[in-house]
Amino acid sequence: MSALETGRSLFLLQLVSRLITFVLNSSLLRLSTPEVLGTASIQFDLVSATILFLSREGIRNALLRRHGANTPLANVPLYLGMVVATAAVTLYVWTSPDSTTSQTDFYPALALYVVAAWVELSIEPFYIRCLTSSPTRVGVRVQAEGLMAIVKAVVTFTLLYTFPRHALLGFGIGQCCANGALAGRYLWEYGFEGYLWAKGYVGSEARPNCRELHGPLVKLAVVNTRQSYIKHVLTEADRIAVGRICPLADQGGYAIAMNYGGCTFQLA
């Protein structure tokens, strides 16, 4: 795939994802309360983004620079994600007011968002293989992420329309189904070889050598991970502030405005 085709595919992916998200949130505003929409679209999404970004961003950048698809380091984000998720969820629940945590299905829905993040982290070796293979398999990534957006929209809308009293749980199930579809597309492409263990490290006789988790590549990953913490705070500063300061109803309105602005930017 040429650089032009790659850029066009990624642009279309971003455009379609933004449009689907905007249409979904606009529709769900009529099926759920602003409080539920604010909890799911601002707070739960922020928790999920925190787990994903802090667990994989630094390692992913290091592997893509060094084309490290066949290293056990590609599996570290999943295990790091378990630690990050524990810290992030504990801090989030501890600092959230009763008006947030007392909502129907709050804790099951939050747990589903965490599980969905782990599912996405589990296919990180496949993502690295897509972008480091020769030629690159950007088409697989575009199909997987496009499928994820569509499944999330369809499942969430269907559940909220059918069970409006369990809106938060509908958001959580939609998130899990979406990330399951993402993982399914990569599994369809590569099979179970490499799932949870990077390619070349499958089976009891080929367990990864811990000594390979040292060296320049790991040092680069550590440096990138440290930088990603600062980058994440700067990137998500608006949602962090809105989630801590604004009432839940206002957070729902902000989610709609943010998605509308995102679509306008993509179309401009």
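The values are calculated or read from the model by the stated rules, or taken from the named source; none is laboratory data. Remember, it's a predicted structure, so these values are computed and weren't measured experimentally. Ideal geometry is used to build each Cβ from the backbone, glycine not excepted, and the neighbour counts take in all protein chains shown. Ligands, DNA and RNA are excluded from the accessible area calculation, which covers all protein heavy atoms including side chains. Shrake-Rupley method; radii C 1.70, N 1.55, O 1.52, S 1.80 Å.
The table below gives the values:
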| read-out | value |
| --- | --- |
| Residue satisfying condition, being open to solvent by 40 Å² or more (accessible area, probe 1.4 Å), among the aliphatic types (A, V, I, L, M) and at pLDDT below 85, within set L217, L234, L267 | L267 |
| Unmet requirement for L110, which otherwise passes all of (1) outside any helix (DSSP H, G or I); (2) modelled with pLDDT of 95 or more | (1) |
| Criterion (open to solvent by 60 Å² or more (accessible area, probe 1.4 Å), part of a helix (DSSP H, G or I), out of contact with any Leu (no Cβ under 6 Å at 6 or more places or on another chain) and at pLDDT 70 or above) met by exactly one of Y254, Y260 | Y254 |
| Subset of the range 99-120 (residues that are more than 25 Å from A144 (Cβ to Cβ) and of a type in the set (D, E)) | D105 |
| Test result for S134, polar (S, T, N, Q) and farther than 21 Å from A178 by Cα | yes |
| One residue from L46, L54 being in contact with an Asp or Glu (Cβ under 9 Å, 6 or more places away or on another chain), open to solvent by 10 Å² or more (accessible area, probe 1.4 Å) and part of a helix (DSSP H, G or I) | L46 |
| Qualifying residue in the range 70-78 (condition: open to solvent by 30 Å² or more (accessible area, probe 1.4 Å) and either more than 25 Å from V151 (Cβ to Cβ) or in a helix (DSSP H, G or I) (or both)) | yes |
| Hits in the range 67-110 (condition: without any contact (Cβ under 8 Å) to a residue 24 or more places away in the chain and touching a Ser or Thr at 6+ places or on another chain (Cβ under 7 Å)) | V93 |
| Close pairs from the range 172-186: first farther than 15 Å from Q143 by Cβ and touching a residue at least 12 places away in the same chain (Cβ under 8 Å), partner outside any helix (DSSP H, G or I) and not aromatic (F, W, Y), Cβ under 8 Å, at least 6 apart | G172/D105 |
| Where a residue in the range 38-62 is among the hydrophobic types (A, V, I, L, M, F, W, C) and its partner, wherever it lies, is at pLDDT below 95 and not in a helix (DSSP H, G or I), with Cβ under 9 Å and at least six apart | A40/S32; I42/C246; L46/E236; A49/E236; F53/E236; A62/G68 |
| Subset tally (residues that are among the β-branched types (V, I, T), open to solvent by 40 Å² or more (accessible area, probe 1.4 Å) and at pLDDT below 85) for the range 113-141 | 1 |
| Members of the range 87-110 that are exposed (fewer than 14 other Cβ atoms within 10 Å of the Cβ) and small (G, A, S) | A87, S99, S102 |
| Selection status of A144, in contact with a Lys or Arg (Cβ under 7 Å, 6 or more places away or on another chain) and buried (at least 19 other Cβ atoms within 10 Å of the Cβ) | yes |
| Pair list, Cβ under 8 Å, 6 or more apart: the range 137-163 residue in contact (Cβ under 8 Å) with a residue 60 or more places away in the chain, other residue among the small types (G, A, S) and not in a helix (DSSP H, G or I) | L160/S32 |
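Okay, residues lined up against (1) of a type outside the set (S, T, Y); (2) over 23 Å from F126 (Cα atoms):
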| residue | (1), (2) |
| --- | --- |
| L28 | yes, yes |
| S32 | no, yes |
| L37 | yes, yes |
| I51 | yes, no |
| L73 | yes, no |
